[in-house]
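Structure, as structure tokens:
The values are calculated or read from the model by the stated rules, or taken from the named source; none is laboratory data. Here the structure is a predicted model, which is why all the values come from computation and not from measurement. No Cβ is skipped: glycine too gets one built from the backbone with ideal geometry, and neighbour counts run over all protein chains shown. Heavy atoms of the whole protein, side chains included, go into the accessibility calculation; ligands, DNA and RNA do not. Shrake-Rupley method; radii C 1.70, N 1.55, O 1.52, S 1.80 Å.
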Amino acid sequence: MKTILLCFFLTLTALAGGSEQLRLLSSEKYNGHIEIDGKLNEPVWADLIEVEFTQRDPDEGKPSTQRTALKILHTDNAIIFGIRCYDTNPDSIIAHLARRDYWVTSDRFLIFLDPYNDKRSGYYFAVNAGGAMGDGTLFNDDWDDDSWNGVWTSGVNIDEKGWTVEVKIPFSQLRFSKNESMKWGVNFKRVIARNNEESYLRMVPKKESGFVSKFLELKGLDDISPVKNLEVLPYFVQKAQYLIHDAGDPFYKSNQYVTSFGGDLKYGITSNITLDLTVNPDFGQVEVDPAVLNLSAFETFFNEKRPFFIEGSNLLFFGFGGSNNNWGFNFGNPDIFYSRRIGKSPSAPVSDADYVKYPEETRILGAAKLTGKISDGWSVYALNAVTDKMSARLWNSGNTSFEEVEPLTNYTVIRSQKEFDSSRYAIGFVGTSTFRNIQRDEVKNYLGASSLVGGLDGWVFLDKGKKYVITYWGTYSKVNGTKEYITRLQQKPIHYLQRPDASYMRLDTNLTSLTGWGGRIAFNKQEGDFYVNAALGAISPGMDVNDLGFQWRADVINGHIVTGYRWNDPDGTFRRKQVYLAHFRTYDFEGDLDMSGIFTTSNFTFNNYWNFNMQLAHHFNGYDGRLTRGGPKVVRPDGGFTAINVRTDSRKEMVFGVFTNYEWNDDGATYNYIEAGIEWKPTSTISLEISPGFEYNNNKKQWIDSFDDPSAMATYGKRYVFGELDQKTVFSTIRLNWTFNPYLTLQLFAQPFISVGKYSYFKELSAPRTDDYHVYGTGASAISYDEGNSEYQVKTQEGTQFNFGNPDFNFKSLRLNMILRWEYTPGASVYLVWSHNQMNFDDPGRMEMGRDFKNLFSAEGDDIFMVKATYWFNALDL
């Protein structure tokens, strides 16, 4: 008898047609030592069990083209997997290296675990043949999120039989409940890159929905107990900043070199609940945001990149759960929690001074987060964060003073959800609050004193097979503040309640709070070749979640229906095809049609693994209540767009892609966009991506400004001025990834960006609810340009006069970011970061590539150098 205490066994169940499928995996405890090096040279691995994987791609339902054997062990502290990926052509194994969670074309093996066995959520762990690792969480049955980073180890080895992998996952990294009969969900996936082959131990056909709910059962874990995990992650950051500054700036040198300390603590209160604490956190981003020139009235959305907020964020998905597909069509579900509000840049103005040191971000004093599952199956996410009072330093003739620009603020988020009857039904709630301790009167006019948001959501499957589902959500918001602030809030682009022709909800300057509501109900067919989705939603004019969320519009009633057909079986030309057709309509609360249209999208994967996507849309005219930025409604003319996206076979050393977009309106406006992408993988350790692009925007009605004029009686005593904008934008995104080994990587990001706009044919709105505009310089009106003052002088048809500055622009930017990451021990890393940014605004309205690039590269820039070191302490030894 072998000295192995682990026994790996399986039960085979005969299915219809005589085929057999693995149904059960089990393991017993093993007390010996295993070196996680991928070599499988310990005696315990001598009897791996060969199992049959089934292809999902390229030949769904057929056995994998290569054999696989595996075995599962567990100790008191960890679960261990040993896998042998046989390969009849080991020289053809693709073993590209990559940094963690960066997916490259490579042979790969994935482990999926559902420790709660709730058939809805879990974890995945991936290792490729080069040793690169990736991990994340599973949720909503068939969705995944790679933001979670567990602390676990793996090893790989390539030999004459193929390649082998060992994976050791501490129980401290997993959340599960202690039961008398422990059953976990488990599945495995193998990728053979040269064949574009993806095979699973338990394969879910493309026509079916769900993933976690179809897992096999893993037994034999009755003797394990949940671990009360305690992790501590202190950090040290040294930053050196060399910024553009005035030589006489008295504040520059004192802020040039910054040292900071802090740390995170993760404590497993129970096997189900984890507490995360952070003190003086370093929430500086190691990746820069892309350059954006926003000429609209709406805020730009940037993705979260800070690990504390990213981890566990899948628990915050609100209104989407239950359905595997969601469509917007000019609606835009609000994000109840937008974590970049915490630590955002201050915004309140300050008094005039010779020099001002204005804080770039808001210091986060501390934050705590509670995540997991409580009794009776309720999932929970609770976060509380406190940001410091931030003051600008003002220097006047040698005297220094301080003015508050961001008050001491407390943010709270609570989210919970419960599923019933094997997840056929669910109900959840979310609540957020923002409380500010504002001391400076001027700040009270720019920020609200408090805000509250509450919401309910859930889903109902209409059949036991979970083929048809209805999802729903509803929210209520309330913002409190001074009369001045609430008046300002009502006038923001999300509301525009000051519209002079508003009939449903008009500006009220006496309010000290603003309330609103929103909701949506949607129907989705989860699986099958024929597809249908429909939704109806509304957001009232007063709803506003932007203190701690992200909402880009209110005053909307929207509905759509989508139908489609999906061909998943290969034919002589395509491996798969998808075609969808949709109709949508959007109204406001005054009953006016904002927009209606038809939309179609199609996706084709050719037999040579090229991909082609095309989208076509046409929208019919309606009434636009936002073009005049608080003025009266105007007619939105008919228009549409065409978009095409082509990408070549990702297995090749060189991969190419092209994306084009053409938009038009009946008023003659056009928008053209083209971007080409090249990915080159010259070696298994280096990949280079270059994506140059060009935009041409000819907007016939680009906003300039509004001017009070009692003689403009047709437009309620204001003149709403627009211009024809010719805008050309040239850009490129460059990413270099050099992986020395799975734990040492270098990443370079570069983005040159030039956007030049020239305005002409200045005009004003002639009458509300029309598409009529009067061009200055025609009829009795006149326009001239004062070059000395860089402004236009307008004489209207009624004889009144006003001026406005030259809106032409030439914005040039170069952003660079270089990061060297070294994970010197599991969970602990050192980062060396260089960030560079330079801008230039010379020669507005005129694009000359040679001159503009010369001006950009000769401009002064900001350089920031940073060293960050972290160390991971855990009560359990890996």
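Tell me, rounded to the nearest percent, the portion of alpha carbon pairs in region 676-831 spaced more than 22 Å apart.
On the way: 7300 of 12090 pairs.
Roughly 60 percent, once rounded to a whole number.
If you build the Cα gyration tensor of region 308-432 and take the root of 5 times each eigenvalue, what three semi-axes come out, in whole angstrom, biggest first? Mind dumping the intermediate values first?
Values: eigenvalues 348, 56, 16 Å².
Equivalent ellipsoid semi-axes, largest first: 42, 17, 9 Å.
Rg(Cα) of region 749-878 divided by 2.2 N^0.38 Å? Provide the component values of the computation, followed by the final result.
Working: Rg = 26.0 Å, N = 130, 2.2 N^0.38 = 14.0 Å.
Its radius of gyration relative to the 2.2 N^0.38 Å reference: 1.86.
What lysines sit close enough to K525 to cross-link, taking a C-alpha to C-alpha distance under 20 Å and skipping anything fewer than 8 places away on the same chain?
Here the lysines satisfying the reach criterion relative to K525 are K119, K206, K207, K214, K464, K466, K467, K577.
Apply the Karplus curve 6.51 cos²θ - 1.76 cosθ + 1.60, θ = phi - 60°, to the phi angles in region 459-472 and return the couplings in whole Hz, x for Gly and Pro.
These are the phi-based 3J(HN,Hα) values: 8, 9, 7, 8, 9, 5, x, 6, 8, 10, 9, 10, 10, 8 Hz.
Using alpha-carbon pairs under 8 Å, 6+ residues apart, how would you state the relative contact order of region 96-229 in percent?
Numbers: 275 pairs, mean separation 34.8, N = 134.
Averaging sequence separation for qualifying contacts and normalising by length gives 26 percent for region 96-229.
When only the heavy atoms of the protein chains count and the probe is 1.4 Å, how do W459, W834, W103 rank by accessible area, highest first? Mind dumping the intermediate values first?
Working: W459 5, W834 65, W103 110 Å².
The most accessible residue leads, giving W103, W834, W459.
Counting only helical runs of four or more DSSP H residues, what would the 222 nm mean residue ellipticity of the chain come to if each run contributes -39,500 (n - 2.57) and the total is spread over all its residues?
Working: 4 runs with 26 residues, N = 878.
Roughly -500 deg cm²/dmol at 222 nm, from the helical runs in the chain.
What shape does region 636-736 have by the C-alpha gyration tensor, where a ≥ b ≥ c are the square roots of the eigenvalues, rounded means a/c under 1.5, and otherwise prolate means a/b greater than b/c and oblate the rest?
Values: a/c = 5.37, a/b = 2.90, b/c = 1.85.
Prolate, since a/c reaches 1.5 and a/b exceeds b/c.
Output the Kirkwood hydrodynamic radius of region 71-174, Cα pairs only, in Å rounded to one decimal. Can you show the working numbers first?
Values: mean 1/r = 0.0694 Å⁻¹.
Its Kirkwood hydrodynamic radius stands at 14.4 Å.
Percentage of Cα-Cα pair distances in region 519-635 greater than 26 Å, rounded to whole percent?
Percent of Cα pairs beyond 26 Å in region 519-635: 39.
Can you give me the distance in nm between label points at R506 and N77, each placed 7 Å from the Cα along the Cα-to-Cβ direction?
7.2
If you keep only loop residues by DSSP, which trypsin sites (Lys or Arg not before Pro) in region 167-227 have at most 13 other Cβ atoms within 10 Å of their Cβ?
Working: sites: K168, R175, K178, K183, K189, R190, R194, R202, K206, K207, K214, K219; in loops: R175, K178, K183, R202, K206, K207.
Loop-located and lightly packed - K178, K207.
Run the accessible area of the chain with a 1.4 Å probe and give the carbon-and-sulfur part as a rounded percent.
Details: 20410 of 37740 Å².
Ligands and nucleic acids excluded, carbon and sulfur give 54 percent.
Below 8 Å, C-alpha to C-alpha, sequence gap of six or more: please give me the relative contact order for region 751-852 in percent. Could you put the intermediate results ahead of the total?
Numbers: 178 pairs, mean separation 28.6, N = 102.
In percent, rounded to a whole number, it is 28.
Can you give me the C-alpha center-to-center distance between region 763-796 and region 338-352, rounded to a whole angstrom?
Cα centroid of region 763-796 versus Cα centroid of region 338-352: 36 Å apart.
Once you treat every alpha carbon in region 485-530 as an equal point and sum by Debye, what is log10 I(q)/I(0) at q = 0.13, 0.17 Å⁻¹?
Log-scaled intensity ratios, in q order: -0.45, -0.58.
Could you calculate, for region 589-638, the ratio of the Cα radius of gyration to the Kirkwood radius, expressed as Rg to Rh? Don't skip to the answer; put the middle values down first.
On the way: Rg = 17.6 Å, Rh = 13.6 Å.
Taking Rg over the Kirkwood Rh, I get 1.29.
Give me the 1.4 Å probe accessible area per residue for region 56-180, excluding ligands and nucleic acids, in Å². Don't skip to the end; give the middle numbers.
Values: 3980 Å² over 125 residues.
Per residue, region 56-180 has an accessible area of 32 Å².
What relative contact order, as a whole-number percentage, does the chain give when Cα pairs under 8 Å and 6 or more residues apart are counted?
Numbers: 2364 pairs, mean separation 73.4, N = 878.
The value is 8 percent.
Which value, in debye to the nearest 20, gives the size of the charge dipole of region 669-828 about its Cα centre, when Lys and Arg are +1 and Asp and Glu are -1 at the Cβ? Each step should come with its number before you reach the end.
Details: 14 positive and 18 negative charges, 99 e Å.
The dipole magnitude comes to about 480 debye.
For Cα extents along the principal axes in Å, several values are listed as (1) 104, 65, 56; (2) 122, 66, 52; (3) 111, 91, 64; flag the one computed from this structure.
Correct label, based on the coordinates given: (1).
If a/c stays under 1.5 just call it rounded; otherwise compare a/b with b/c (prolate if a/b is bigger, oblate if not). Do that for region 304-381, with a ≥ b ≥ c from the square roots of the Cα gyration tensor eigenvalues.
On the way: a/c = 3.88, a/b = 1.79, b/c = 2.17.
In terms of gyration-tensor shape, oblate.
Could you state the number of Å between the C-alpha centres of region 559-594 and region 851-869?
If you average the Cα positions of each part, the centres end up 45 Å apart.
Got a number for the accessible area of F320? Probe 1.4 Å, square angstrom, nearest 10.
The value for F320 is about 50 Å².
Hey, any idea what the orientation-averaged projected area of the convex hull of region 716-779's Cα atoms comes to, in nm²? Working shown, then result.
Numbers: hull surface 33.7 nm².
Projected over every direction and averaged, the Cα hull of region 716-779 covers 8.4 nm².
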